[in-house]
1. In the chain, carbon and sulfur make up what percent of the accessible area (probe 1.4 Å)?
2. Going by alpha carbons, how many degrees (0 to 90, nearest 10) lie between the helix axis of 192-203 and the longest principal axis of the chain?
3. What number do you get for segment 60-156 when its Cα radius of gyration is normalised by 2.2 N^0.38 Å, N = residues?
4. Rounded to the nearest 500, what is the chain's calculated 222 nm mean residue ellipticity when only DSSP H runs of at least 4 contribute -39500 (n - 2.57) each, over all residues?
5. Cα-based Rg (one decimal) and Dmax (whole number) for segment 204-356, in Å?
6. In square nanometres, what is the average projected area of the Cα convex hull of segment 375-480?
7. Of Trp70, Trp373, which has the most accessible area with a 1.4 Å probe, and how do the rest follow in descending order?
8. If you take the C-alpha gyration tensor of the chain, multiply each eigenvalue by 5 and take the square root, what semi-axes do you get, largest first, in whole Å?
Amino acid sequence: MNDIQTLASHLPDPVPAIIDGRPVTARHGVDLPVIYPATGETVSHLRESDAAQVATAVESARTAFDQGSWPRMGVDERKDILYGIRDVLRAHADELGRLEVLNTGLTLDNLPRHVERMARNFEFFAEVISTVSGEAYTQHPQYLTWVTRDPKGVGAMISPWNAPLALSSMRIASCIAFGNTCVLKPSEYTPLSVYRMVELLHEAGLPPGVVNLINGRGHVTGAALVGHPGVDMVGFTGGTDTGRRIMADAAARLKPTILELGGKSANVIFESADLDQALEGALLGIYSNNGQQCLAGSRILVQRTIADEFIERFVGRTRRIKVGDPVDPATEVGPVCYEAHMRRVLSFADIAREDGAEVLVGGGQPAGLERGWYVAPTAVRAPDSSARICQEEIFGPFATFLVFDDLDDAIRQANDSRFGLVAYVWSRDMDTVLKCSRGIRAGTIWVNTPMMRELRAPFGGMGESGVGRDGMRDSHLFFTEPKTTTVPLGALDLQGFGR
Ligand code: NAD
């Protein structure tokens with residue numbers, strides 16, 4: 001057991017739920033193993049929350065919402081608690097980061113970025129609640145109408161395994177900042193860091209019941225949560241098929257949903273680009289986070305005039321990527337998160353060949369790393385956009401190249417997808433950039449840059465990449481209910497019936 005694995009021994013095993021601010025172990029739940037992806041070893045367990053425990057967690061959030069201080073608190077007081085949370089999380093950055101590595105296999109040098117994002121999510125929404133306001137309508141000479149926005153209620157917040165701290169904190173912070181309370185269900189593969197984060201929220205002064213944590217599989221714990229009548233809204237980050245199902249379950253009780261789903265984002269590289277920058281951007285776009293990013297630039301479209309040379313350079317760099325132990329500072333790409341996922345990612349090398357694609361590099365497990373869930377960074381060249389490797393989200397270190405002829409062809413191929421999360425465009429020609437910005441269907445277009453998340457701007461997907469947006473204005477609209485009040489400005493000359 002190495003240094004990082006001993007960390008799990010500081011947490012309860014099995015990992016319990018946190019309800020009303022206290023750890024609670026479900027009496028009848030099953031225990032699921034928590035596995036370190038770098039070695040395949042079981043480092044802990046989680047006790048799955050059964051339907052009864054889910055109900056207790058929802059009741060706690062319900063009581064905190066219906067009777068507690070949080071929704072009734074002045075914004076300044078709530079802000080102080082959110083800023084306090086930011087500070088406490090930062091003070092535990094190292095511990096949280098290491099737990100995240102233990103659970104996800106993300107490389108240790110990635111983690112300061114994730115942990116900072118988590119802390120900033122609470123800070124950001126503290127700032128948002130300071131600035132948002134209602135509306136007033138004064139057009140009618142005899143009336144004043146104003147619109148207040150009240151917190152919406154209890155949120156079911158469900159998050160995935162690829163960046164548990166960053167993504168769970170986005171769901172929680174965007175929900176509770178506006179005065180709501182919630183029940184969080186992180187992925188069953190990655191309970192460790194999130195458990196510690198929720199403990200720390202309470203140490204920072206969050207009132208009990210505002211954030212409750214439950215653990216377990218989606219079809220057991222997650223489904224019980226979404227379907228519980230005490231839940232008013234659902235915030236979900238995860239795969240598209242799961243999102244579809246959650247939306248259907250939520251629809252049965254007309255619960256509003258915000259869904260941040262999968263992607264197969266185009267990374268479009270024109271001959272007019274700074275090709276050195278585009279190369280770095282393309283490598284970062286697909287291999288960051290061990291290739292497991294919703295916003296990965298996984299379909300790399302290159303203009304025919306530069307394609308052969310660009311792809312050759314990309315493949316050469318891919319061969320040199322250091323894959324290995326996520327704790328080793330030299331490692332650039334660690335393992336993927338769990339075994340079945342590794343097998344799925346690896347299967348796409350065969351699928352690529354079946355569809356007539358050429359595997360240029362990778363396509364298997366790296367030599368000497370057969371023990372953990374490793375996938376060699378892979379690049380393939382697809383015959384055309386209809387190949388499955390161009391249409392399906394692989395969610396691993398797996399790049400697919402396509403070649404285009406001109407601007408119209410680039411936009412057509414970029415849009416040949418059921419997803420529409422983000423797109424990357426590399427060109428120094430303004431006309432090309434503007435036409436891509438207008439023509440490509442995606443929630444975010446990044447020009448001449450790898451991922452740059454502007455928290456203030458809307459973030460989310462078109463098509464099967466999602467429903468709704470996170471962001472300053474969009475989160476405010478989703479997590480609050482408008483209430484319109486109208487009053488006359490003076491006595492009215494009312495003529496009622498039956499005078
Ligand atoms: P997943 O959909 O398998 O699981 C996500 C969460 O949903 C987990 O907590 C899971 O337990 C839960 N779940 C599964 N079935 C459920 C059900 N029936 N009811 C309620 N909850 C259920 O996704 P994943 O494999 O954990 O994550 C990877 C996916 O997430 C990828 O598709 C990726 O693109 C996507 N993702 C999207 C964003 C974004 O912002 N758009 C960010 C990160 C990841």
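The values are calculated or read from the model by the stated rules, or taken from the named source; none is laboratory data. Keep in mind that this is a model prediction, so the values were computed, not measured. Positions of Cβ are backbone-derived with ideal geometry, glycine not excepted, and every protein chain shown enters the neighbour counts. To get the accessible areas, we keep the full protein, side chains included, count just its heavy atoms, and leave off ligands, DNA and RNA. Shrake-Rupley method; radii C 1.70, N 1.55, O 1.52, S 1.80 Å.
1. Working: 10380 of 20230 Å².
Its accessible area is 51 percent carbon and sulfur atoms.
2. Relative to the chain, helix 192-203 is tipped by roughly 30 degrees.
3. Working: Rg = 19.1 Å, N = 97, 2.2 N^0.38 = 12.5 Å.
Relative to the rule-of-thumb radius for its length, segment 60-156 sits at 1.53.
4. Details: 16 runs with 187 residues, N = 499.
Counting only the DSSP helices, I get -11500 deg cm²/dmol.
5. For segment 204-356, the Cα radius of gyration and maximum Cα-Cα distance read 20.6, 61 Å.
6. On the way: hull surface 31.9 nm².
So the mean shadow area of the Cα hull is 8.0 nm².
7. Values: Trp70 0, Trp373 30 Å².
So the residues, ranked largest to smallest area, are Trp373, Trp70.
8. Working: eigenvalues 324, 189, 72 Å².
The equivalent ellipsoid of the chain has semi-axes of 40, 31, 19 Å.
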